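Q: Attaching a single structure in structure tokens format; questions to follow.
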Ligand SMILES: [Zn+2]
């Protein structure tokens, strides 16, 4: 499979989303070895807090994909940057998109948006795009609920049992 138009997506959210996608992708399409290598590289980024180190990773990804930047205008959109690769395959495409996402994060001082799910036992990573950077759980749909239910049950267990007398006093 090859991307229909490598480098055509240009928005920051798309790039950040693709970092996440590339970090968690677990399929085995053609180029699986390259994708696994990219996944490991990107997963390591979740440990990085130094922008200089992250910049080095982005530069390495762009170099390995033989990225070719082009200034273009099309479809009524003003001049903007497309980056393509002579390797018209998903690993190179994702590496370039991920690298551009990393660059966006560095330029926006947003590396702290790369988080790990706060739910016990979950190893997923996430990109917190919330305005107040408050996202704590991955997008699998269960981690946040699981933690909240466990906290609710723990509170109920520690709450002193009310006697029948006190209940009668509250509801005469
Ligand atoms: Zn999770």
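Q: Sort 139-151, 101-113, 39-51 by packing, meaning the average of other beta carbons within 10 Å per residue, with the highest value first. Display every interim value, and only then the final one.
A: On the way: 139-151: 13.4, 101-113: 16.9, 39-51: 15.0.
Those peptides, ordered most packed to least, come out 101-113, 39-51, 139-151.
Q: Any idea how far the Cα center of the range 28-95 sits from the one of the range 105-135, in Å?
A: Here the answer is 20 Å between Cα centres.
Read-outs: derived from the displayed coordinates by stated rules, not from any lab. Here the structure is a predicted model, which is why all the values come from computation and not from measurement. As a convention, Cβ positions derive from the backbone with ideal geometry for all residues, glycine included, and neighbour counts pool all protein chains shown.
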